[in-house]
């Protein structure tokens, strides 16, 4: 029940008080994201942790001027691969073989299958897929933040192209997908803090098929 209690406690904070989150909490939140499942284990995204005030101000200007961008402790930027390439796929498989210390025929056949499929696809189609993988880690990071008693504000409301330029992401083969400010709620100035959490009922949300 502890996790569910924490998830009931969390909400998308609309104002943060600027208090710094302890590094050990940030590390555990990031580790939860790193451990997230992804398609074929490719982890086709990266997370940038922005604490620089000037950069946060620039990002705020292209994120609908939402105050949590600058008032948060750490701003996480989830940046997905712009496409799949043979080099990127091979790097993941080679690294797995190195860590496990052996090669597996089935695993190598699977590598070849991915090489025959993804690099030939349109880059935008691939980016849609890599972005979906980033969302999985984003969800786990949000849950981990709640578990740590840290407020988080999931954000799609920003200009991705502008954030890409501010952080130089395109040169790294990345495109910004999501923002996740982490910090602590400003209870005096957040209109949402005392609102009742509203979700669909179980009956509306879940269908059991026997």
Which of (1) in contact (Cβ under 8 Å) with a residue 12 or more places away in the chain; (2) surrounded by 16 or more Cβ atoms within 10 Å (Cβ to Cβ); (3) farther than 28 Å from residue 120 by Cα does residue 18 not meet, given it meets every other one? (2)
Tell me, yes or no, whether region 29-47 has at least one residue that is in contact with a strand residue (DSSP E or B) (Cβ under 9 Å, 6 or more places away or on another chain) and over 30 Å from residue 84 (Cβ atoms). no
Which one of 65, 95 is over 14 Å from residue 180 (Cα atoms) and in a loop (DSSP other than H, G, I, E, B)? 65
Specify which of the listed residues (135, 110) is assigned to a helix (DSSP H, G or I) and outside the structural domain of residue 7 (by TED's automatic domain parsing). 110
Given the conditions (1) within 28 Å of residue 197 (Cβ to Cβ); (2) exposed (fewer than 12 other Cβ atoms within 10 Å of the Cβ); (3) out of contact with any helix residue (DSSP H, G or I) (no Cβ under 7 Å at 6 or more places or on another chain), report the number of the one that residue 54 does not fulfil. (1)
So is residue 192 assigned by TED's automatic domain parsing to the domain that holds residue 58, within 22 Å of residue 65 (Cα to Cα) and assigned to a strand (DSSP E or B) or not? no
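The values are calculated or read from the model by the stated rules, or taken from the named source; none is laboratory data. Keep in mind that this is a model prediction, so the values were computed, not measured. Every residue, glycine among them, receives a Cβ derived from its backbone with ideal geometry; neighbour counts consider all protein chains shown.
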